[in-house]
Every structure is written in C-alpha cells, then in structure tokens.
6 protein chains.
Amino acid sequence: MRIVVTNCNTTQEMTAEIVRGARAAAAPGTLVDGLTPGWGPESAEGWLDSYLSAAAVIDTLRTYDGPAYDAVVMAGFGEHGREGVRELVDVPVVDITEAAAHLACLLGRRYGVVTTLERTCGQIEDSLELAGVARNCAAVVSTGLGVLELTDPARTEAAFLNAAEHARAAGAEVLVLGCAGMTGLQQVVAEKLGMPVVDGVGAAVKLAESLVALGLSTSRAGSYAKPIPKGRAWGRGG
Amino acid sequence: MRIVVTNCNTTQEMTAEIVRGARAAAAPGTLVDGLTPGWGPESAEGWLDSYLSAAAVIDTLRTYDGPAYDAVVMAGFGEHGREGVRELVDVPVVDITEAAAHLACLLGRRYGVVTTLERTCGQIEDSLELAGVARNCAAVVSTGLGVLELTDPARTEAAFLNAAEHARAAGAEVLVLGCAGMTGLQQVVAEKLGMPVVDGVGAAVKLAESLVALGLSTSRAGSYAKPIPKGRAWGRGG
Amino acid sequence: MRIVVTNCNTTQEMTAEIVRGARAAAAPGTLVDGLTPGWGPESAEGWLDSYLSAAAVIDTLRTYDGPAYDAVVMAGFGEHGREGVRELVDVPVVDITEAAAHLACLLGRRYGVVTTLERTCGQIEDSLELAGVARNCAAVVSTGLGVLELTDPARTEAAFLNAAEHARAAGAEVLVLGCAGMTGLQQVVAEKLGMPVVDGVGAAVKLAESLVALGLSTSRAGSYAKPIPKGRAWGRGG
Amino acid sequence: MRIVVTNCNTTQEMTAEIVRGARAAAAPGTLVDGLTPGWGPESAEGWLDSYLSAAAVIDTLRTYDGPAYDAVVMAGFGEHGREGVRELVDVPVVDITEAAAHLACLLGRRYGVVTTLERTCGQIEDSLELAGVARNCAAVVSTGLGVLELTDPARTEAAFLNAAEHARAAGAEVLVLGCAGMTGLQQVVAEKLGMPVVDGVGAAVKLAESLVALGLSTSRAGSYAKPIPKGRAWGRGG
Amino acid sequence: MRIVVTNCNTTQEMTAEIVRGARAAAAPGTLVDGLTPGWGPESAEGWLDSYLSAAAVIDTLRTYDGPAYDAVVMAGFGEHGREGVRELVDVPVVDITEAAAHLACLLGRRYGVVTTLERTCGQIEDSLELAGVARNCAAVVSTGLGVLELTDPARTEAAFLNAAEHARAAGAEVLVLGCAGMTGLQQVVAEKLGMPVVDGVGAAVKLAESLVALGLSTSRAGSYAKPIPKGRAWGRGG
Amino acid sequence: MRIVVTNCNTTQEMTAEIVRGARAAAAPGTLVDGLTPGWGPESAEGWLDSYLSAAAVIDTLRTYDGPAYDAVVMAGFGEHGREGVRELVDVPVVDITEAAAHLACLLGRRYGVVTTLERTCGQIEDSLELAGVARNCAAVVSTGLGVLELTDPARTEAAFLNAAEHARAAGAEVLVLGCAGMTGLQQVVAEKLGMPVVDGVGAAVKLAESLVALGLSTSRAGSYAKPIPKGRAWGRGG
C-alpha cells in the first residue's frame, strides 16, 4: 500500500519530518511518500495561509505524476482543503486534524488540542466542528509558538506541557498534538502528563490504512462528487 | 464610498451581472467596482472550486492596484475565503452568504436558501454555521441548475419557485437567493411566493455601507490578525 | 426615509439620548423620531420590566398617530417585544440587541456583550439565542451598573473597560454595548481596548435603512402574520 | 394549599374551564382559584397577544388582593410572562408549557405538542427551548383551530387526532395538549392514540403542589431577583 | 399509593437513608418501600459500577414479589437503568437524576449539580443530556468525597458548600444534591447558600406521585415497548 | 496482536459470525478471539437487554482467563457497556457503533445507520451522541427485522436496501450496518446503492489495531479511572 502525505506548506524540512512521523506509524507493508506543494505558504498560520495552502495542495495532487497511491494523508493541522481533495482523487483522504480527534474520542470522554499560535485555535475548532468530532473536544489551547519556532525541542516541550494543563483543567482526558510539526513529541509529553497524546500524522496514517484495507473510499453520492469539467486556472501563470 | 465586489470565478459576464445587482442596491454616494479574479474556476461548484476560488480572490485583492476602497463584498454564495480576506485588508469584508442570512433573520422566524446544484447545499450549510447564522435556517434546497445554466430566466424562475416550496414546507418564512448569479430574480419570485426574498449581493452592499458609515472594521484582536510576513508563492508561476 | 425609534422605558432623557445616537448613525436622508412609551417602566431591568415594556411599546406604536414611517428601531437591549411589533406594523422592525450582534458577527469570529446589571445577562442571552445569532457570542458580562446609573461617563467607561477584559478572556474579538443608554461610548472604549465596539442603536438604524432601501419587510408567511382582529384591552383603563 | 391559576386571556369561560381542569388534577387538600386578567387579549394567538397577556397577568397578580396563595400556575400554552411572575411573587410559579414538557419527558424518549394555529408553533418552540426542555421535543404541530374554536369537542378531537399522527411520524411517543383550552381532552385522545397525553394544566398543578410540599421556591440568586423599586405605569390609565 | 424506591447499590444502610428521605417527601397517603438489589456493587462510582447496578436493579424488580406498587423511583444519581425499567414495568418510573433537574429548571434559569467523586461528573452530564434536561445545567461539580464517605455530616456539608461556590460562579441559581446519599442535606445548605437546593429523592417521589395521580404512565409506543420474550440469564448462576 | 471480540449476547452462532467478520478485516498478524458472555440476553433489542448485556460482557471480561490480549472490540451495535470496559481493562476498547461512525465520517459529509427494529434506533442515536460522533449522522432508520431474523440473507438485503433509501433521502452519503449480525452484507449493498457501506465489526478491528500500533490506550486521567476496589456481586449467584 502506498500513502501520499501532503505537507500544507512549502518547507521541505517540514515534509521530511512529517514523513518520518508517518513512516514510524505505518504498517510494514505501507510505503509513505511525502509531497511538498509546488507553491503556497512556507508555513500555514491563519486563514489566508490556509486557503492558499488548500489550493496549492489540491493543485499539487492534481498534477502529481508519481507512482499510483492508495490513500492521501493531509498533514496540515486545522488547515483547509480536505473536501476538495476528496472530490479530486478516487482514494480515501484523511486529514490529520480529524484523524487525531477520531482516535482521541476512543481514548477518553473529552479530549483537548494543544497547538501553536493563538490565531490558529479558531480554525482548528471550525475544522473539528465540520468534521463532526467537536462535541467531545474540551478545549483548543495555544502554546504561543509559531510553526517554524518548533525546532527547539526543549522549548516546544515546555510550552506544550504548560498549555496541556489548561486543557486538562477544561476537562481534557486525552491530548492531541495540534500541529504536524509537533510529530514525534507525543511519547515524551504523554509520559510526563500521564495521559495519552495523539499525533495526527500517525493517526491519519492508521486511518488511511484502515480504509484501504476495508476497501472503503469517499462517497461520490452527494457532497464529494467528482469535480465538474470546466475551465480552471491554477495561479497567475495559470 | 467605494466598494470592491469580488466575483468568485473568472467569468466576466458574471462579474458584470453581480456589479449590476450591487449598484442597484448601493446608496447614491457609493461607487461599486467589480473585480474578476485573475485565475481560478470559471464557476464555483463544489469544494475544489471553492478553495481554488478562495486563493485566487485573495491573490487578486493582494495584488490589486486600483483606487483605494472602503469595503470588500465577496460575491460567491457559500464559497470560502472571507476569513482570509479579513486578515488581508484593513477595511470591512462582507460575504454575500452571511449577508443574506443576517438580513433574512430580521424578516422572519426561519429562513431558507434556494441554490444551484445539490452538491453546493452542504457547503452553504457549513458557511452559515461558521458565520454564526445557521440556527434559524430551516433548509438549504437546490434547484438542480448549475451556475452557468442560470442564463435562461424563465427556467431559473420556475426551478426557483419549485425549490422554494420545499423550503417553505420546512418552515422557511423568508427566502435567500443562493447564488450570486441569481441576483435580480428577487422581486419577481418574492411577488409570486408572497414572502420576502433576499439577494445576497444587495444585502452585502448594504451591510458593507453600514459598517463603513459606522466606522467599524474587522477586529485585529484574535482570529483575523494581519498575516505574518513570510514566503508565499501564489500559483505555479509563483 | 423616516425611522421611529422606540425607547423601552418612559424616561424622556433616555429617549433623547437614544435619538442622538440614532441620528449620529443615520444617513443624510433619514429622519429619526423618538417614541417614548406612554406607560411602562422608567427603566427596564429584568423580565417583569421587560414584559411590561413590550406591551407598552406595542401599545404606543398601535396608537401612534404621527407621520408615516418606513421602519421601526426598538431601543431596549435584551428587552422583549420585537416579534409582536413585527406582527403589528407593515414596515421592517429591527431590535438593537439583534442588530448589534448581526454586525458584530461580521467583524470578528466571536463577540461579547457588556451590559448593565448581572440580572439582565440571562435575558440578553435568550434574546440573542432566539434571534439566531447566539452561536458566535463568547460571553455576556455585566458592569454591575443599573440603567439609570449610566449618567456618570467616567464611571461607566471604567466599568465597561473592566468588564470588557472578561469578555476578551472568554474569546471575544468584538464587543457590543449592551444597553441603549451606553450609546455614544463606543468610540472611546474601542480605542482603549483596541477592538471594534458596536452600538446597537447605530447598528439597528443602519440595518433598518438597509431593509427599506432593498424594499424588504417582515414576512407575513408564518410566525409574523397580522394580529387576528379580536377584543384586546391595553391596561387597566383599557 | 392554595394555588392561583392565571388565565392568559380575559375570557371568563376559559378561566372556568381551566379551573375545572386544575381542580380535577389537584390533591384533596389543594384549593384552586382562577384569576382572569383585568385586561389583555380575549385569546392569545401570536406574539402581540402574548406580550400583552404577559403584562396583564403580571399586573393582575401584582394588584391581587385575595387570600394568600402558595403557588401560581400560569395557564397560557406557549405564552410569555413566567420569568416576570417569578420575579414578582415569593411562591413557586409553574407555566403549563414547561410543566407538560417536564412530565412528558418522563413518559417517553421523545414527545410532541399538538396546538391550535400554525402561527403559535414557533412561540411554543421558543418557550420550550428557554425552559430547557426542548431537546426531546420531536415536533410541535398545529390543528389549524383557533383558541376560541375549541368549543366544538368533536371537531377538536378529530383535528387533534389528525395532527397527532404527524407528531408520531416525527418520533413522538408522548403527546402534550398545546393549549389550555384543550384541558379535558387528554383521556379520550390518549385512548384512541394508544399513547400518553399530558395536559399542561394538570401537570402544572401537580408540579406546583410538589414544589410547595418540598418547601422549594424560586431562586432569588440571579435572574429572578425581586424587581427593583422604581416608577412603573401599568397601561394607559396607568 | 405505593412507591418502590430502588437503591442502586447493595448497601442496606443507604437504602434505609433513601427511604427516610423519600418518606419525608411523600404525601400522607403514599407508602414507600425500599428495595435493595440482590446483587451489584456496594456503592456505584463509575460506569462499571453503574452498568452492574442497572442490571441488578432491573433483575431485582423483575423478580420482586412483594405487594403491587404504583410507581418506581430509582435512587442512583447519574446511574444507568431507567429506560430498561421503563420497558419492564407497567407503572411510571422516575430516576432521581432527571427528577431533580426537572424541578430545578422550575426554580431558576440555570442549575448546578454537586456530586461525590470527580469521576462521576461525566456520567451525570450524560444522564441529564439524554433525559433532555441538560440545557439549563450550568455545571456538575464534585466534592471529592466517595459515596461511602458521606457518613460524616459536617465534612459532607463543608465539602458541599465549597463545591457549590464553583457551581454558582458558573451561573447556577439553584443546586441539586448529586447523590442519593446526600438526602437530608438540602435544607441546611440551602439556608447557608441562600438558594434553593433540590434533593433528587424527594423530587422523584413527588413526580412519581404526580404521574400516578394524573393517570399517566410510560408510553409503549416506541422506545419503551415491553421487552421481547426471549432467553435471558441474569448473572452467572443464571 | 490479539484482539478479543465480545458478542453482546449469548448466541454462539452470532459470535461465530462476528468473529468471521472480524477476521476478514484483521491484518495478517492479528489474532481474533470471540468471547460469548456467560450470561445475558440471547439477543439485545432494547434497553433492558442492553443493560443486562453490558453487565454480562463486563463480567465475562472480568473473569476471562484466556491468553493475554491487546485490545477489546465490543460487538453490539448501540449496546451499552463500553465505558465500563474501559475502566476495567488496560488495553484499548473499541465499540462497533462508534467505530463505524468514525470511519463513516471520513467517507462523506453525512452518514446514515440502517438497523434492525424501530425500538433500537433511539439507543443507537444516544450511543452516537455520547461517543461524540452524532453531528454528521443524518438518520438512523430501521429495517423492521429483529436480530435473530437476519439469518435470511435475501430478506435482510431487501429490507436493508429499502431502509437505505430513507437514509439517503435524509442526506446520508455513506451508510453503516447497524447490527453486528449484518456483518458481511456491506459489499453487496454498497454495490447496489452506489455508496460506501461501513461494517462496524471490521471498522472496530481496524481502529483497535491502529490504537495498539500507535501505543495508545484509554486515559486513566478522569472518567475511565480504574474501578475502585469494593464489594460487587455479579448476578444472583454472586
């Protein structure tokens, strides 16, 4: 089985890190390829970045000409685009935001999300709401760190643990890493906090593998019908 | 006062029609300029189109170099992008989806939306939900017509009246034209149905004028802070 | 265009102040007349006052014999009566509670209301809920001041700023003046808080003008049908 | 124990009928007095009537000088006023709308309400929502009969049974008589429908007796604090 | 009238205490019998205990061969089983969790629950939600005391008063005793807190009496149809 | 990896069928053991059966002395017990109801459930609600067949297809088999309906495998803490 993992931004180092996280979660027979969008923001923080990212990721998948794949994992926590990718491709599509929430719901009565900047909290709440998994979300809290500031592990961990306490006070019994760039952090913080911590990248890989194994793919009956053939220009150069 | 009205697609005739509708609603002192995105879909029907449209509209506003304007009206019913534009510009931004719903709430206890294809209903429901005005929406129903099929007025009117009965049966006391391309239809169907019908383009123009007159603009305190300076490539040509 | 602005209480000074606020917001061609109920409470604080006010305002409009008007603005934040006035008159009716919320939704992802006494918070929450605009309300907080204590501007401003911090902590990115008697305060507190502050009186005037300009009025198809002719006695003297 | 049952309208025959229903439900030691408002509508159908009724009922209780009572039952299905009466009096207050819903929740997973005119359905939904008991309400359906048309029992029964089928189809397992004027109908329709039918008047009497017996009364800590002393004029004669 | 009050656990002293509370609330003509399950947990704290308790209580009622009774009161705050008992018996069934909430809704705009261990809060929230009365619940807070630690009245009272302040801060205007073992505490804490405090045992007795007096019982039309005859083994011994 | 799949009833043939379905979904290295409760109902239809089943399944796991296992799959669609099992065991627990819903959410914007008897629909709705995945459920519809009537495949299929049309009309784009006894039916009905159909047994196996692979298990921080040591008697024989 081959899974394409799309980064939501153009930073190759981030793609590499996400792929590492995805491979760590993948089953033995699963191949994981990272896909960095050919355009878009160098990190996605806020709605403007997120819509730019959505279009760029869709375009990158649309013009992809690598080996055939069995599923798409979209690695942009709280970022837009999943419904568009579902229209585009004929294989299952799993976004790390919803994936983390789905697994978190199985592990405790309420879960919390710890993310980067304050400004992304609202987007994550909206994403969870529309994915149908917001009911048992107790809180989305920020660490105050930008996506590209996550490179210092000690600082990230300390900020995460601090924010986690706010989520716990709000009722969270399980936590979710609220940024693809946090992948890998889950074990150390889980141990220190004494509660399970779900990484969306790993969660999405397992859900994608599950759907493929069960022979399930996106419904074409309704919302996610194939795009209607028409003129479309993808960027200024078009 | 100058309002820029952005079309969500690249079809110039549609922009012209939207501008006609906007000018019909505008106050004497209000100038209305139409803006057709430099790229994107030729009509927006579904999520893939909508995300492409969102990025293209944002990019078109980002690179706009015409006369200064006081507000933006986004004319794409149910389409994405409004939060990103709010981050980008320093003037009020009103999306026709939310605008129509805001006014409809003032006219009856429950409203309904009549739109184009079945596949767009879900997107509209999501857009209303996140805008905070879904509670009193009784139904979003489709006419079965594509955006570019709205050119035959008699057919559009008949399809609208038929769909309107479903909305009424679901409790709607007010209707909303669920596509910018329906602008102009409101009076004739309102008369035939015996209930108010709100056109989102006109509604958005009045709300934009209202915000400008009151000296109000988007909050920078939280979700819609200015975009963080960083590398961003807008489309393949970059 | 002529708009009648109804005060929810019998205090003429309050009517005068509301009219000042309404006129400040009105377009050049809009005439604003204040209407003080012929009976009712001298200030509305709590449900008993609010129901008394609702009946008195309806009766005052019912027996009004001044110049014809094009819209009604109801200036009682959180007070009852709007649906009854919609049944009564043939022109658009806008309540300042809902009006402020409608505009606030366009300015930020979540808004907050800062009002007078603690006891009125619940009524305001109910009013927003039924108007269909409560979803994006982060908090309704009180200043602890009674309606008739708002005459000291410095004290009011200080209490407002203090309460505003609670609303901000709850997620509000935009604020609403939660009492008609606060009209005029919006600019100074907006500047000090660094976020937009919406005055319901001004908001309602602009929404009323908008509806009139668009030729829209209350739906008669359903909830707000004309009152059925029958015997009714309006007060003890009847 | 003495319970005052307030009619929401000025029709004495209706008061008499309500009192009959209340007495049929009352425990042996409970005295039931009917109170017809001194002013207000002759029947309450719609919001205008309802707000007029609310003020009139409050005023009638405010100026009541009969024997002391232990509880108030408000007999106006879907009508406004209960919160105001809670502020006014020092004894428990039970509205028949909420009372019927409270008991109905104990008898089945979902209940339905069968009421008079279509225009009152929305008011009833609002009343149940604010009372906190709307979640398990499957439907509020109308018989199409006005309050004063309920005098023909055969016609009322037939209309009720017909409307009841719509409620059942929507999932109702229990029904509620949605008008004080239907009191007495519950047994015959319950038998014909094979499901429990709750009369709000009887339900409210039992709930009022229950609260009195338990020594419970309205909380003064918050929303329903005593009205603040101030000038208030109750109707034109004032 | 005879009411059977089922304890949710096997502790006879608890049954005795519950029966004392029930008798204190019962009308003169009402006989109250306590029923201690023949098996199950010695106290119910958490879901495992609660499901065990549910099965044990149902089995105990199924095999009951005492005098005929008119209603069942289930005395386990937040515990499972009420829907199963409704299927089993032909008389009204009232659970103390929902009963307390129903009466609390009549006494204030928002109520709070003060219960034993933190781990039971979630169960109580779920129970209120499914009973249809969670909307006006402001908070469920714990005292930190286990069910069997409630034997020291001074300690229980102090812990209750402390937790009550958290509920009040969250908006509660009325409180509910969140454990059958707290029965009897309501008056002293109500006085100290200055707000009504509802005991679920007393509330359920009054609601059961009310339903019986009105001739109402569980609907068989839908969810709570009689159990289908089939093989069932009740415990290992079977 | 070894997964124990618990049947919710005592019918061995049903266990065998569930195990077949589970093994068909399991990864090569996953061993699946079926566990038939030592007591309980021979089929679970309604709340009484469901609570009996919950206690029996918990007891059966509590006294299980077979080989160590890595996860529990609970195969009773809409049946109670999952939270209790989460308290009991130290490995992940996945209920087929929530599992099917989690995967269905990834495949379409709205899903529907097709189940057995009408009386079980409410229980399933409640189960989805508390699991946090009800938001995107468009409908739960019944085939009218009892659990033990599912043995005739042609009849089951026909009834399923008929009920599926009702779910589709309500907006479902994906379907869920609403009974463990339907396992195996998914492919044929998916083809005939042209939409994905999720089997809860297979879904739960994949989710259980995913959690185990990611090293995740139930949170002990809050709701699902280990049961408190105390006296408990499991059934009459105790």
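For chain C, the solvent-accessible area works out to 30 Å² per residue, with a probe of 1.4 Å and every protein chain left in place. Here chain E is assigned +1 on the Cβ of each Lys and Arg and -1 on the Cβ of each Asp and Glu. Its dipole about the Cα centre then comes out at about 560 debye. Taking the DSSP beta bridges with both ends in segment C:73-223, the antiparallel portion is around 0 percent. For peptide E:107-118, the mean count of partner chain Cβ atoms within 10 Å of a residue's Cβ comes to 4. Per-residue 3J(HN,Hα) values for segment E:134-151, derived from phi via the Karplus relation 6.51 cos²θ - 1.76 cosθ + 1.60 with θ = phi - 60°, read 7, 3, 9, 8, 7, 5, 10, 10, 9, 8, x, 9, x, 3, 7, 8, 7, 6 Hz in sequence order (x marks Gly and Pro). Antiparallel beta bridges, as assigned by DSSP with both residues in the protein assembly as shown, represent about 10 percent of the total such bridges. Principal axis extents of the C-alpha atoms in the protein assembly as shown (largest first, rounded to whole Å): 88, 87, 58.
Relative to the dominant Cα principal axis of chain C, helix C:12-25 is inclined by about 80°. Note on segment B:105-166 and segment A:102-143: Cα centroid distance 30 Å, given to the nearest whole angstrom. The distance linking segment A:189-238 with segment F:1-66 is 31 Å (Cα centroid to Cα centroid, whole angstrom). Solvent-accessible area assigned to carbon and sulfur over chain C amounts to 51 percent, based on a 1.4 Å probe. A Gaussian network model of chain D, with springs between Cα atoms under 10 Å, assigns the largest mean-square fluctuation among D:Ala99, D:Ala55, D:Ala180 to D:Ala55.
Taking the Kirkwood radius as Rh and the Cα radius of gyration as Rg, segment C:166-238 has a ratio of Rg/Rh equal to 1.19. The Cα-based radius of gyration and maximum Cα-Cα distance (Dmax) for chain C are 16.8, 53 Å.
Which angle from 0 to 90°, rounded to the nearest 10, does the C-alpha axis of helix E:47-62 make with the longest principal axis of chain E? Tilt relative to chain E: about 40 degrees. Between the helical axis of C:96-105 and the longest alpha-carbon principal axis of chain C there is an angle of about 50 degrees.
Amide hydrogen proximity for A:Gly112: with H placed 1.01 Å from N in the peptide plane, the residues at 5 or more positions away or on another chain lying under 5 Å are A:Ala138, A:Glu173, A:Val174, A:Leu175, A:Val176.
Of the residues B:Gly184, B:Ala138, B:Phe160, the one whose Cα sits farthest toward the positive end of the charge dipole of segment B:97-199, with +1 on the Cβ of Lys and Arg and -1 on the Cβ of Asp and Glu, is B:Ala138.
With the largest listed first and rounded to whole Å, the semi-axes of the equivalent ellipsoid of segment D:97-200 from the Cα gyration tensor are 19, 15, 12.
For the peptide A:182-195, the mean number of other protein chain Cβ atoms found within 10 angstrom of a residue's Cβ is 1. Interface of C with B. Using a 1.4 Å probe and counting protein heavy atoms only, the two chains hide about 3400 Å² of accessible surface, both sides summed.
What residue among B:Ser223, B:Ser43, B:Ser127 shows peak mean-square fluctuation when chain B is described by a Gaussian network model with Cα springs under 10 Å? Sorting by GNM fluctuation, first place goes to B:Ser223.
Projecting the alpha carbon convex hull of segment C:33-128 along each direction and taking the average yields 6.7 nm². Each Lys and Arg adds +1 at its Cβ and each Asp and Glu adds -1 at its Cβ; summed about the Cα centre, the protein assembly as shown shows a dipole of about 0 debye. Pick from A:Ile18, A:Ile228, A:Ile124: which is most flexible by mean-square fluctuation in a GNM of chain A where alpha carbon atoms under 10 Å apart are linked? Between A:Ile18, A:Ile228, A:Ile124, it is A:Ile228 that shows the largest mean-square fluctuation. Evaluate E = 1/(1 + (r/R0)^6) for F:Asp152 and E:Asp90, where r is the Cβ-Cβ distance and R0 equals 35 Å; express this FRET efficiency to the nearest 0.05. Approximately 0.55, to the nearest 0.05.
The values are calculated or read from the model by the stated rules, or taken from the named source; none is laboratory data. Please read all numbers here as calculations on a predicted model, not as lab measurements. When we count neighbours, we look across all protein chains shown, and the Cβ atoms used for this are built from the backbone with ideal geometry, even at glycine. Note: areas computed on protein heavy atoms with side chains; ligands, DNA, RNA excluded. Shrake-Rupley method; radii C 1.70, N 1.55, O 1.52, S 1.80 Å.
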